Amino acid sequence: MYQLYEYLKEEKICLSYLGSFNDEITDKLIGLSENYLGSANQLSKLKNKVSFLIAECFQNVVRHGGAKEAEKITVANHKDFFQINVFEDRVVLSSSNLIMNQYVEDLEKKITQVNSLGGDELKKLHNELLEHQEFSSKGGAGLGLIDMARKSGLPLKNHFNPLTKDHSEFFLGLEIVNNKENSTAKINIDAIKEFYDQLVKKNILILYKGDFSKDSISSLIEMLQNNFIESGTLSSKNVKSIITLIEVLQNVSKHGKMINGSKEGIFSISESTEGFVIECGNFIEKENLTSFKSSIDFVKSKSFEEIVKLYKKKLVEPEITEEGNCGLGLLEIARNSGTNFTYEFIETPEKEVFFSIKINP
């Protein structure tokens, strides 16, 4: 996880979501972005624009997805995709969905048209479309993409990736900047596609790098739960995965090192043939390293039966004792995973300590 954290280190927040799209997911993403942007002085004025554009990106996936849900499953491991990246001076939104090949040429032409127009021209075109509805709702640019271009003020980026004789992947990216006068477009749609390909290859459902505050954790958990419900996979085993994830994220929230005013970390949840794999990483204070390492080493050394006994004892006697100086959270993780987890402590070139844990199904 450390390598991935380093790859994303310039980003205040990175949230990648692959799976079912619905209003609940949209609301959680908007809430997560508003929670951060509302407290980010330089970007706070972008909050309403970003919320609007997140909703438009999701509607774009639904609007241009020219394949039925049953068809999507069989197309080259494709997953509908949304990502938000928050930088110091801008927010980047990107999405991917299936589109029928018969609509590709028309859509590409209309995106080119939208990108060629200035603000006043876009407004005029918007009003004309409201009156005449000339752009088709399926495959066409429509009012949604025009609104995206107007709100962003920078060119929309797109890429079409042919998959079958009938379908292609449609990638769309846009950015909202803090100061348009002193800014140029930086979005790289090819890099977004490559990152998406890696996420799909690893069967990742959610990837998040950023602040692990209580509000952020709640939104992430609810997104995952909604994903399970939509896919019909909310089994007792997956409920255990959710509980385990809650403990892992709370561990970062409580014990992670404060960086730039927040408890920052990274986590992912991916799907395997046996179930769901949870990975998480964060920096920890050096003065806490010895006691934390002792606690997790102790838990890892115990059998599942011993973990269950310790867990029950901890519920009755929650105080810390010499016998296993560990918290209920670590025991909960070990109990739900059947002690099937690995971890490591990495000393960075800056002499910081990065802790990562991988919990297998």
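Quick notes on this structure:
- Matching option when the condition is surrounded by 17 or more Cβ atoms within 10 Å (Cβ to Cβ) and either within 18 Å of residue 304 (Cβ to Cβ) or modelled with pLDDT of 85 or more (or both), among 336, 340, 360: 336
- Considering residues of segment 156-205 that are in contact with a Ser or Thr (Cβ under 8 Å, 6 or more places away or on another chain) and within 18 Å of residue 101 (Cβ to Cβ) only, the residue surrounded by the most Cβ atoms within 10 Å (Cβ to Cβ): 170
- Top-ranked residue in segment 73-112 [being of a type in the set (Gly, Ala, Ser) and buried (at least 22 other Cβ atoms within 10 Å of the Cβ); ranked as nearest to residue 177 (Cα to Cα)]: 94
- For beta carbons closer than 9 Å, sequence separation of 6+ or different chains, a first residue in segment 281-302 that is in the same structural domain as residue 347 (by TED's automatic domain parsing) and hydroxyl-bearing (Ser, Thr, Tyr) and a second that is in a helix (DSSP H, G or I) and surrounded by 14 or more Cβ atoms within 10 Å (Cβ to Cβ), the qualifying pairs are 295/330.
- Conditions (1) closer than 24 Å to residue 210 by Cβ; (2) at pLDDT below 80; (3) over 17 Å from the mean Cα position of the chain (by Cα); (4) surrounded by fewer than 22 Cβ atoms within 10 Å (Cβ to Cβ): number failed by residue 49: (2)
- Leading residue by the ranking (nearest to the chain's Cα centre (by Cα)) among those in segment 276-312 that are within 19 Å of residue 338 (Cα to Cα) and of a type in the set (Gly, Ala, Ser): 295
- Screening the candidates 264, 287, 271 for the property of being farther than 22 Å from residue 8 by Cβ and among the acidic types (Asp, Glu) yields one hit, 287.
The values are calculated or read from the model by the stated rules, or taken from the named source; none is laboratory data. All values derive from a computational prediction rather than experimental measurement. Cβ atoms come from the backbone with ideal geometry, glycine included; neighbour counts cover every protein chain shown.
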